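Structure first, then comments.
What follows is calculated from the coordinates using simple rules that are stated; it is not laboratory data. None of these values were measured; they are calculated from a predicted model. No Cβ is skipped: glycine too gets one built from the backbone with ideal geometry, and neighbour counts run over all protein chains shown.
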Amino acid sequence: MEGSPSTAGPRPLGLSYAVGASQLLGVAVLAVVGAWMGHFRGGLAWESPQLQFNVHPLCMILGMVFLQGDALLVYRVFRTESKRATKVLHGLLHGLALLVALVGLVAVFQYHKKNGFPDLYSLHSWCGILAVAFYVLQWLMGLGAFLFPGAPFSLRSRYKPQHAFFGATLFLLSIATALLGILELLIFKTYSAFAPEGLLGNALGLLLVGFGGLLGYILTREEWRRPLQGEEMALSMDFKKLPEEEEGGGGSPVDPR
Ligand code: HEM
């Protein structure tokens, strides 16, 4: 996802359509998981030993998929706004995603405790714990490197490609974890009977794959990257000299934001 950013100009039409389609898919994902928990699973109730579980899929998909995905899109959508404001919005959306996901995790752990079920036995739960733990780490490191005023530009420049790579990996892991969770929930019931609930769960899985795939497409199109603004361009060119001077290497232009 790194590379030379596109030149400044109006937002490409294809990007607007792709982002619009991703939001429709995202809302469809939330509607389907809401309908599933509401219609087939009896709705949400935090105090109920049974219904508390239903908070888990809803919050995990809202936080770890929808909000995390939208946080990744921020740099494609806000192309000409100030870099700092865009970074703050990116960090805030990830923070909100984490908070919502933590509510979903508390719900499932309390549900297991109230019902005497063992914790962390499934592949879904292992992937889920890894995804959330690394998501917290990634958020803290992003905050320190890109929003902490004292962080040196050289650190930002070196860490930025890692941050982008791990951000994309965590998003993919979150979608894979959600798919495993859907399967796990369905398999407890009469999945093989082509019951409506099973078909709804399958449709939710396909929508999640569509949402993830479309976001991946948007994020990897070089011409849809956020263009450098005047001041950032100057900073980038100034910074380009550093590796050459410090290390004697011929580094390519880096955006140290
Ligand atoms: C990225 C999103 C998700 C994450 C990070 C996640 C994480 C977790 C974790 C850590 C547990 C273990 C709780 C414990 O051991 O007490 C768990 C349990 C569970 N989750 Fe999820 N979850 C996610 C999404 C979903 C979804 C979308 C569903 C279903 C539609 C789901 C269904 C389940 C079920 C049935 C359990 C209980 C069985 C088990 O422990 O594996 N999860 N989840």
Report task. Could you state the angle between the C-alpha long axis of helix 83-115 and the longest principal axis of the C-alpha atoms of the chain, as a value from 0 to 90 degrees rounded to the nearest 10? Result -> 20 degrees
Query raised in the report: Considering the dipole of segment 29-157 built from charges on the beta carbon (Lys and Arg +1, Asp and Glu -1) around the Cα centre, which of V106, Y121, F153 is farthest to its positive end?
Result: F153
Query raised in the report: At what distance in nm do the modelled label points of S82 and A31 sit from each other, each positioned 7 Å from its Cα along Cα→Cβ?
Result: 3.8 nm
Requested in this report: Rounded to the nearest 0.05, what FRET efficiency do V106 and Q23 give with R0 = 30 Å and r taken as the Cβ-Cβ distance? Could you check?
Outcome: 0.60
Query raised in the report: Gain in length, R41 to I187, computed as 0.36 nm per residue apart minus the alpha-carbon separation, to one decimal in nm?
Result: 51.1 nm
Query - Whole-Hz couplings from phi, Karplus 6.51/-1.76/1.60, listed for segment 196-202; x for Gly and Pro - result: x, 4, x, 5, 4, x, 4
Query raised in the report: Between I129 and A151, what is the label-to-label distance in nm when each label sits 7 Å out along the Cα-to-Cβ direction?
Result: 2.8 nm
**Report entry** Rounded tilt (10° steps) of 153-187 against the dominant C-alpha axis of the chain
**Finding:** 20 degrees
Requested in this report: Calculate one ³J(HN,Hα) per residue across segment 120-127 by plugging θ = phi - 60° into the Karplus curve 6.51 cos²θ - 1.76 cosθ + 1.60, and present them in order as whole Hz with x for glycine and proline.
Outcome: 6, 9, 9, 4, 4, 6, 5, 4
Report summary line: Extension length gain for V209 and R221 (0.36 nm per residue less Cα distance), in nm, is 2.5 nm
Report task. Could you tell me which of rounded, prolate or oblate describes the chain, using a ≥ b ≥ c as the square roots of the eigenvalues of the alpha-carbon gyration tensor, with rounded for a/c under 1.5 and, failing that, prolate when a/b is larger than b/c and oblate otherwise? Result -> prolate
Requested in this report: Evaluate E = 1/(1 + (r/R0)^6) for Q50 and L199, where r is the Cβ-Cβ distance and R0 equals 22 Å; express this FRET efficiency to the nearest 0.05.
Outcome: 0.40
Report task. Measure out, as a whole number of angstrom, how far apart the alpha-carbon centroids of segment 185-201 and segment 108-158 sit. Result -> 30 Å
Requested in this report: Give me the number: length gained by fully extending F117 to S16, i.e. 0.36 nm times residue separation minus the C-alpha to C-alpha distance, one decimal in nm.
Outcome: 31.7 nm
Query raised in the report: Using DSSP loop states and a limit of at most 13 other Cβ atoms within 10 Å to flag chymotrypsin sites (Phe, Trp or Tyr not before Pro), what is the longest stretch of the chain containing no flagged site?
Result: 47-120
Report summary line: Fewest-first ordering of E223, E197, E47 by Cβ atoms within 10 Å yields E47, E223, E197
Query raised in the report: Could you give the angle, 0 to 90 degrees to the nearest 10, between helix 68-77's Cα long axis and the longest principal axis of the Cα atoms of the chain?
Result: 30 degrees
Query raised in the report: Per residue of the chain, what 222 nm ellipticity follows from adding -39500 (n - 2.57) for every DSSP H run with n ≥ 4, rounded to the nearest 500?
Result: -23000 deg cm²/dmol
Query - Size of charge dipole - the chain - debye, nearest 20, with Cβ of Lys, Arg +1 and Asp, Glu -1, no other charges - result: 340 debye
